[in-house]
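Engineer: Supplied in structure tokens, the structure appears directly below.
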Amino acid sequence: MKLKFSIDYSTIWGQSLHVVVIYTGADGRQKSQNLLMQTQDGTRWTVETALMESRRNPVQSFSYYYQVEDGEGQVMRREWNMVPRVYAADSTKNYVLPDSWRDIPLQYHLYSDAWLTTTGRQRPEAVEPQRVPLYRKSIVFRVSAPQLRKGESLAVCGNHPAIGNWNPVRFLPMTHVGDYDWMLSVNADGMQLPLEYKYVVVDDRTRTLKAWEEGDNRTTGDCEVKDGEVLVLYGESLRLREDLWRVAGVVVPVFSLRSSHSYGVGDFGDLLRLTDWAVATGMRMIQVLPVNDTTSTHSWTDS
């Protein structure tokens, strides 16, 4: 099994891009590999690695993330990895992974406990390495869709008969793999690349298309799929306008709270009483200052 990574990212002089791969064996044990990527133009970074399988402990899945390191091996920046890129491993296949750097998404609040609590939703289960059908030539579509509401699911529709031929009743349903991520594999044998496609929202009750995602068509780009390869397309999140979320709240440092039960300045007991007051007044959020000093790296990440 080979993993072929590629990503566009501009570094500054003295920095390099690395991909950290974590392999999980059948017994649950993990081992990681930090791979230095190569570049010819300072923007397109690539690396290829081969997995040496162990018969006693075969690899069941792999996950990975990208990070920037300086000349001394210190990590300068690491991409957002709250929802991990994790895949079931098939030792008979080679995986082609054209990626883009994942910053904290604009819709990060949709992953927060505050949003889940105020909207009465449950936290989705963690992402699992979903085993999907693989073919002689395979394309795996994957996308994060935190905007979906209850009773909605996701599908793919594109410019090839195998993915619907842009027909709004011939979309291909995707499978939820956890934490807002959806996945679908298709047989790419005989397909002429590049493909164009979009993700669409489906009504679970009527099984009809509700909305196309916004923006330009997505594309497979200049990638090819050879025999025994799996092309994994995991780009930006679903491009769909979310429902406007508005809540009223109060911002206060704990030490500014004061009650007849405290010692002249606020303490955690007063925070409980502030919660009761917020409920009584229709507030749905409380924000406090950090209780302790947050300095750890003396960089912008400390905030």
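Engineer: Could you look through the range 119-132, keep only residues that are over 23 Å from Thr219 (Cβ atoms) and in contact with a strand residue (DSSP E or B) (Cβ under 9 Å, 6 or more places away or on another chain), and pick out the one that is most open to solvent (accessible area, probe 1.4 Å)?
Structural biologist: Taking the range 119-132 as the starting set, the residues that turn out to be over 23 Å from Thr219 (Cβ atoms) are 119-131.
Then drop every residue that is not in contact with a strand residue (DSSP E or B) (Cβ under 9 Å, 6 or more places away or on another chain), which leaves 124-131.
Values: Pro124: 24, Glu125: 108, Ala126: 64, Val127: 19, Glu128: 105, Pro129: 52, Gln130: 70, Arg131: 137 Å².
Looking at the filtered set, the residue picked out is Arg131.
Engineer: Looking at Lys4, is it more than 30 Å from Asp113 (Cβ to Cβ), free of Cβ contacts under 8 Å to residues at least 12 places away in the same chain and either in contact with a strand residue (DSSP E or B) (Cβ under 6 Å, 6 or more places away or on another chain) or open to solvent by less than 40 Å² (accessible area, probe 1.4 Å) (or both)?
Structural biologist: no
Engineer: Quick one: in the range 172-221, of everything that is surrounded by fewer than 20 Cβ atoms within 10 Å (Cβ to Cβ), basic (Lys, Arg) and in contact (Cβ under 8 Å) with a residue 24 or more places away in the chain, which residue is nearest to Asn159 (Cα to Cα)?
Structural biologist: Lys210
Engineer: Another one. With the requirement that a residue be closer than 15 Å to Pro253 by Cα and either of a type outside the set (D, E, K, R) or open to solvent by less than 60 Å² (accessible area, probe 1.4 Å) (or both), what does the range 279-293 give you?
Structural biologist: Met285, Ile286, Gln287, Val288, Leu289, Pro290, Val291, Asn292, listed by residue number.
Engineer: Restricting to the range 92-117, count the residues that are open to solvent by less than 60 Å² (accessible area, probe 1.4 Å), closer than 30 Å to Met52 by Cα and among the hydroxyl-bearing types (Ser, Thr, Tyr).
Structural biologist: Here the count works out to 2.
Engineer: Tally time: how many residues in the range 120-143 are under 22 Å from Pro194 (Cβ atoms) and polar (S, T, N, Q)?
Structural biologist: Matching residues across the range 120-143 total 1.
Engineer: Taking the range 29-55 only, how many residues are open to solvent by less than 50 Å² (accessible area, probe 1.4 Å), out of contact with any Lys or Arg (no Cβ under 9 Å at 6 or more places or on another chain) and farther than 16 Å from Pro98 by Cα?
Structural biologist: Total satisfying the criteria: 1.
Engineer: Quick test of your reading of the structure: Tyr23 fulfils all but one of (1) over 27 Å from Asp222 (Cβ atoms); (2) touching a His at 6+ places or on another chain (Cβ under 7 Å); (3) not polar (S, T, N, Q). Name the failing condition by number.
Structural biologist: (2)
The values are calculated or read from the model by the stated rules, or taken from the named source; none is laboratory data. From a predicted model like this one, the values you see are computed outputs, not experimental measurements. We place every Cβ from the backbone using ideal geometry, glycine too, and count neighbours over all the protein chains shown. Quick note on the areas: whole protein, heavy atoms, side chains included, nothing else; ligands and nucleic acids left out. Shrake-Rupley method; radii C 1.70, N 1.55, O 1.52, S 1.80 Å.
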